[in-house]
Amino acid sequence: MAGLIIKAVSGVYDVLINGQTIVCKPLGVFRHQEKKPKVGDLVEIENQTIVEILPRISDLQRPFISNVTKVFIITSLVEPDLNLNLLDRLISLVEWENLKIVLVFTKKDKTDVSLYQSVLTYYQNLGYPVYLMPGAEEPLLDEIKDQICVVAGQSGVGKSHLINSLHPLFTQKTGEISKALGRGKHTTRHIELLSVAGGWIADTPGFGILDLKMDVASLSHTFREFFACKCRFPRCYHLAEPGCAVKEKVKNKEILKSRYQNYLGFVKEIQYQKKY
Ligand SMILES: Nc1nc2c(ncn2[C@@H]2O[C@H](COP(=O)(O)OP(=O)(O)OP(=O)(O)O)[C@@H](O)[C@H]2O)c(=O)[nH]1
Ligand SMILES: [Mg+2]
Ligand SMILES: [Zn+2]
């Protein structure tokens, strides 16, 4: 019978099986096969030993967790300031992994939301569920049902705070924003699946900039609204090609200018990585 790894600390795993948590170690042979069990894995156990890792439906490296089905991308409106570059980067990375996306904008109580409404509506119109916190705890619980979720986002945006608001017994450590830097201090360090609302959610530490490990064609597909455009050339990268419908829509303000600018920045980044 298969169990679920819900926590990993220094090579020791908590495996949930039949509603019971069993502390297990992996078979020594895994080390030589370069297989490493991770949180989110379904595993077969025998006498407190993990003897088999079942095939993964998804396999994230950062955060190091498998079988994730949905990512809550967390962005704060203020403190730290709304960072659409990081938001677009995360959306592309998660689209690339083929996982479901939920967008959560936090700290609405610290600012005037109407300042951001047009941007929020734009992302919502792309088909991403958009929630504002505090205040969206109930719909977020519905989003977790039957899913393995992770939160992703910059340090200090309120990932741990959000998770704590989902269940009275959740006590993820939250951190003060560094006044000098306007960002958090990486309060969250280990990974653990928390059971709530008929699904699972894991807190993760925040990060700075993540590499885009895809080619430009794939990148262009991760921008949904670009993918839907009918450019003159079917393999248009929306750069200098004639008859580019994306550039036309940017000009007509049908595509958010920051989306296109961030796309151009990511293209440069990918081309630079290739060169060196
Ligand atoms: N006013 C307000 N404060 C918030 C909100 N969300 C988070 N905070 C505060 O912002 C600070 C940072 O929140 P955390 O939850 O620790 O941030 P984090 O994203 O987990 O940061 P790392 O673990 O470093 O990646 C804490 O002081 C929280 O109390 C919010 O919606 N409104
Ligand atoms: Mg945290
Ligand atoms: Zn184009």
Quiz item: segment 1-123: Rg/Rh from Cα coordinates, Kirkwood Rh?
Solution: 1.14
Quiz item: Under the rule of -39500 (n - 2.57) per DSSP H run of 4 or more residues, summed and divided by the residues of the chain, what mean residue ellipticity at 222 nm is obtained, to the nearest 500 deg cm²/dmol?
Solution: -7500 deg cm²/dmol
Quiz item: Relative to the first principal axis of the alpha-carbon coordinates of the chain, what is the inclination of helix 84-96, with its axis defined by its Cα atoms, in degrees from 0 to 90 and to the nearest 10?
Solution: 60
Quiz prompt | Simple spin-label estimate for Gln48 and Arg232 in nanometres, 7 Å along Cα-Cβ | solution = 7.1
Quiz item: Roughly to the nearest percent, how much of the accessible area of segment 65-202 is carbon and sulfur, given a 1.4 Å probe?
Solution: 50
Practice problem: Report the calculated FRET efficiency for Ser218 and Asp142 (r = Cβ-Cβ distance, R0 = 41 Å), to the nearest 0.05. | Solution: 0.85
Quiz item: Which of the aspartates and glutamates could be linked to Lys108 by a straight reach, that is with a Cα gap under 14 Å, when you skip same-chain ones fewer than 8 residues away?
Solution: Glu79, Asp81, Glu137
Practice problem: For segment 14-22, take each phi angle, set θ = phi - 60°, evaluate the Karplus expression 6.51 cos²θ - 1.76 cosθ + 1.60, and give the result in whole Hz per residue in order, putting x for glycine and proline. | Solution: 8, 10, 8, 9, 6, x, 10, 9, 10
Practice problem: Provide the per-residue ³J(HN,Hα) series for segment 46-52, in order, calculated from phi with Karplus coefficients 6.51, -1.76, 1.60 and θ = phi - 60°, each as a whole number of Hz, with x at glycine and proline positions. | Solution: 9, 6, 6, 10, 7, 9, 7
Practice problem: Could you check which residue among Val130, Val43, Val51 shows the biggest mean-square fluctuation in a GNM of the chain with a 10 Å Cα cutoff? | Solution: Val51
Quiz item: Between their Cα atoms, which of Lys7/Lys35; Lys230/Lys274; Lys100/Lys213; Lys110/Lys253; Lys100/Lys145; Lys70/Lys249 are more than 23 Å away from each other?
Solution: Lys230/Lys274; Lys110/Lys253; Lys70/Lys249
Quiz item: So how much slack lies between Lys274 and Arg62, counting 0.36 nm per residue of separation and subtracting their Cα-Cα distance, in nm?
Solution: 74.2 nm
Self-check item: Value of D in µm² per second that Stokes-Einstein yields for the chain, Kirkwood Rh from Cα pairs, at 10 °C (1.306 mPa s)
Solution: 78
Quiz item: So what J values fall out for segment 107-112 if you push phi through Karplus, 6.51 cos²θ - 1.76 cosθ + 1.60 with θ = phi - 60°, rounded to Hz, Gly and Pro as x?
Solution: 6, 5, 6, 9, 8, 9
Self-check item: C-alpha long axis of helix 257-275 to longest principal axis of the chain, angle in °
Solution: 70
Quiz item: Kirkwood hydrodynamic radius (Cα pairs, Å) of segment 3-75?
Solution: 12.7
Self-check item: Amide H contacts under 5 Å for Ile57, placed H, 5+ residues apart
Solution: Asn67
Self-check item: Amide proton proximity set for Glu52, modelled H, under 5 Å, gap of 5+
Solution: Glu44
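The values are calculated or read from the model by the stated rules, or taken from the named source; none is laboratory data. These numbers come from a predicted model, not from an experiment. As a convention, Cβ positions derive from the backbone with ideal geometry for all residues, glycine included, and neighbour counts pool all protein chains shown. SASA here: full protein model, heavy atoms, side chains in, ligands and nucleic acids out. Shrake-Rupley method; radii C 1.70, N 1.55, O 1.52, S 1.80 Å.
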